[in-house]
Amino acid sequence: MSRKNEILRNYLTDDRLGFIHNLIQLVTMFFWTLLMSYTNSYYVIYLIIGFSGFYCRQFTNKKYDRANLLIASIFSLVLIAANYDMFSSLTKSIYQSLSIHKQFIAKISLFQFMNYKIYIFLLCLPVLFLGGMYLIFFILQFISEKIAYFKWENNSYNTPEKKIFCSAFLMISIFYLIIMLLGFYPGFFCPDTIAQVSEITSGTYSNRNPFYHTMVVRLFILLGIKVFNDINIGAALYSVACIAFVSSAFAYAVLTLYQLHINKKIILSAALIYMLMPYNIMFSFNMWKDTPFNAFILLFTVSIFRYLKRIGNNLKMNALILTASGMGVCLFRGNGLIVVFITLVFFGFMFGKSHRKMLISLASVLATALIMTYPVLNAMNVSQSDIVELSSMQIQQIARTVIENDDLTDNQKELISKVADIDKIKTLYTPILSDPLKIHLRSKGSQEYIKNHKTEYALLYLQLGFKHPKSYITAWIDQTRGYWNGGYDYVKFSYAFSDNQLGLKRTVIFNGMEKAVFLYCTLFEIVDLLKPFVSIGLHTWLILLVAFIGYRKKDKIIFFSSVPCLSIIFSLLLGTPVFAEFRYAYGLFCCLPFLAMAAFSESNSNLPRKAIINSSDNERKQA
């Protein structure tokens with residue numbers, strides 16, 4: 001390596017080289033924390049990063065680490081991109097603060113050639129980049145240096161494992177059940193739910209809401225109608241079953257932490273997090289497909305971890321739960337197939353040689369789910385999601401291009417006009433939501449025309465993208481950043497009980513319960529210190545941090561266990577219809593308590609199976 005590169009490397013990473021480097025670090029870190037207050041996302045998230053970076057800086061040796069510096073640089077650029085729209089208010093504010101020096105500024109010749117906004121932008125951009133890079137670098141460096149010294153205390157317990165599972169299950173499920181019965185009987189019913197129940201009563205089904213979830217709902221609805229002559233009892237029975245399923249998934253995660261011999265206080269805190277977090281309460285008795293889907297995600301993640309770490313005395317049961325939960329992930333939401341496919345690819349790459357049977361099992365799950373989703377449903381005349389629904393992102397990007405640019409060719413205008421009114425595109429386009437434009441396209445019956453002219457519209461999409469990449473990029477950022485930026489005020493919990501003609505109605509037995517739960521949930525949306533607990537972007541970063549910890553510990557299993565959650569986010573980046581829909585990313589909130597605690601555990605995963613059993617038996621005898 002040349003001496004110049006060595007000097008640059010030391011300059012960027014070693015603050016002992018001199019006062020100037022120290023000053024650059026401190027100034028840019030401070031101004032990054034200050035300037036990020038102009039964001040329209042949760043500023044408290046950036047304050048946490050700022051304080052954490054300053055704290056970690058004091059306890060690192062600041063030696064060069066190329067990987068940490070690269071990750072920190074990418075992350076800093078990502079944050080700038082996610083908050084690109086704050087520069088307009090930022091430059092305006094700075095210029096106004098300098099307005100008292102207008103005469104002095106006017107004398108500077110440079111200002112006669114370029115707009116003041118450009119200068120302020122050119123000043124703020126490197127400050128934001130360097131400040132963010134340093135803050136993230138010191139956080140990662142601190143974790144890298146301290147990771148070897150931090151792990152949960154390894155304890156041995158005498159409590160039977162079945163008792164741990166049953167205790168966690170009963171504690172969580174009874175708590176949810178009391179809330180549902182007293183304040184929200186027979187559960188929550190959003191428009192999607194009403195659409196599913198309407199399909200059940202009419203006998204005409206579609207896969208827009210997952211068909212197999214609709215069949216589960218149908219079982220309980222028909223039970224209520226035919227046995228009890230009350231559709232609400234059927235809905236309540238579904239809510240009870242959903243509570244039981246979700247509580248089982250949470251108890252399974254708690255049991256796994258127990259089997260890792262983690263400190264009892266940590267295990268209890270995990271159980272309390274699962275029980276008390278408002279989103280877990282509100283989703284536990286909601287007839288959305290998202291509740292069972294994300295419970296399957298948790299089971300899938302935990303069972304992967306258990307199988308690879310060889311936890312428990314019944315490996316076949318771990319494999320069975322992994323396979324069953326994988327099938328649930330595939331069938332209970334559209335992007336589940338993507339999640340399992342990505343997991344399969346990573347599994348094959350990282351563990352395929354040593355776990356061929358599981359690789360074959362996962363491949364079989366994916367193949368079976370594909371058959372059940374397409375050939376089987378087509379044979380049953382169950383309609384699939386239309387092409388408009390599947391093209392949410394592309395519709396938003398084309399619409400953004402139409403609005404921001406006035407150079408479409410006659411052929412391009414004609415293609416767009418065949419499926420949408422160009423003038424209405426300009427009024428209906430919403431940067432964070434594709435529904436208005438999708439509704440407009442469907443009202444014109446555009447689905448079939450687009451389906452029959454896929455090639456022409458694919459070429460149109462590529463032509464506009466190559467010509468106007470800025471419009472495409474900003475449209476994509478606006479449509480997705482809720483999943484990878486600090487956090488936004490958008491719908492977190494569904495309190496809905498949609499009007500309907502089906503006989504479904506809510507009964508509140510105890511008003512105090514309903515009001516208390518509403519107040520509790522609202523606090524997490526309005527109190528700044530509680531907002532991190534419901535921030536999708538922050539949870540995405542924390543899942544990435546779990547993967548980073550696995551990388552630093554050279555623990556492939558910890559790293560791989562984060563893949564299902566990250567696959568959810570990846571699928572949303574490809575085509576989310578809403579920029580920050582909490583239920584779409586709810587799986588991250590289900591998995592993070594388990595992953596965060598398991599990441600610092602020590603297990604006997606490298607020992608042969610007999611050695612694991614013998615060591616656990618010896619520990620029990622000694623206890």
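Laid out as a table, the results:
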| read-out | value |
| --- | --- |
| Subset of region 443-481 (residues that are within 19 Å of residue 401 (Cα to Cα) and over 32 Å from the mean Cα position of the chain (by Cα)) | 456 |
| Single residue of 461, 472, 449 found to be within 19 Å of residue 387 (Cβ to Cβ) and touching a Lys or Arg at 6+ places or on another chain (Cβ under 8 Å) | 449 |
| Test: residue in region 106-120 that is at pLDDT 75 or above, closer than 22 Å to residue 30 by Cβ and either open to solvent by 70 Å² or more (accessible area, probe 1.4 Å) or of a type in the set (Val, Ile, Thr) (or both) | no |
| Residues (in contact with a helix residue (DSSP H, G or I) (Cβ under 7 Å, 6 or more places away or on another chain) and either among the small types (Gly, Ala, Ser) or open to solvent by 30 Å² or more (accessible area, probe 1.4 Å) (or both)) located in region 545-569 | 547, 550, 551, 552, 553, 556, 559, 561, 562, 566, 567 |
| Qualifying positions in region 289-320 - of a type in the set (A, V, I, L, M) and open to solvent by 40 Å² or more (accessible area, probe 1.4 Å) | 315, 317, 320 |
| All positions within region 520-535 that are among the β-branched types (Val, Ile, Thr) and either open to solvent by less than 10 Å² (accessible area, probe 1.4 Å) or not in a helix (DSSP H, G or I) (or both) | 527, 534 |
| Filtered residue count, region 570-589, keeping only those that are surrounded by 19 or more Cβ atoms within 10 Å (Cβ to Cβ), in a helix (DSSP H, G or I) and within 12 Å of the chain's Cα centre (by Cα) | 10 |
| For residue 37: the one exception among (1) in contact (Cβ under 8 Å) with a residue 24 or more places away in the chain; (2) in a helix (DSSP H, G or I); (3) of a type in the set (S, T, N, Q) | (1) |
| Filter result for the condition that a residue is of a type in the set (Gly, Ala, Ser), closer than 25 Å to residue 374 by Cβ and out of contact with any His (no Cβ under 7 Å at 6 or more places or on another chain), over 417, 443, 385 | 385 |
| Elements of type helices (runs of 4 or more DSSP H) in region 230-340, at least 1 residues being touching a Lys or Arg at 6+ places or on another chain (Cβ under 9 Å), more than 25 Å from residue 493 (Cα to Cα) and free of Cβ contacts under 8 Å to residues at least 24 places away in the same chain | 315-331 |
| Residue list for region 584-604, filter: more than 20 Å from residue 270 (Cβ to Cβ) and either of a type in the set (S, T, N, Q) or at pLDDT below 95 (or both) | 604 |
| First in region 23-34 and in a helix (DSSP H, G or I), second anywhere and aliphatic (A, V, I, L, M), Cβ under 6 Å, 6 or more apart | 28/127; 28/130; 29/135; 31/127; 32/128 |
| Cβ-Cβ under 8 Å pairs, at least 6 apart or on other chains, region 62-79 side more than 12 Å from residue 133 (Cα to Cα), far side open to solvent by 80 Å² or more (accessible area, probe 1.4 Å) and assigned to a helix (DSSP H, G or I) | 62/16 |
| Test: residue in region 391-402 that is at pLDDT below 90, out of contact with any Phe, Trp or Tyr (no Cβ under 8 Å at 6 or more places or on another chain) and within 22 Å of residue 478 (Cα to Cα) | no |
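Per-residue answers, yes or no, for (1) in a loop (DSSP other than H, G, I, E, B); (2) open to solvent by 10 Å² or more (accessible area, probe 1.4 Å); (3) within 30 Å of residue 515 (Cα to Cα):
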residue: 131; (1), (2), (3): no, no, no
residue: 148; (1), (2), (3): no, yes, no
residue: 176; (1), (2), (3): no, no, yes
residue: 197; (1), (2), (3): no, no, yes
residue: 213; (1), (2), (3): no, no, no
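The values are calculated or read from the model by the stated rules, or taken from the named source; none is laboratory data. As the structure is a prediction and not an experimental result, all values here were calculated from the model. Backbone-built Cβ (ideal geometry, glycine too); neighbour counts: all protein chains shown. Just so you know, the surface numbers come from the protein's heavy atoms only, side chains and all, with ligands and any DNA or RNA stripped out. Shrake-Rupley method; radii C 1.70, N 1.55, O 1.52, S 1.80 Å.
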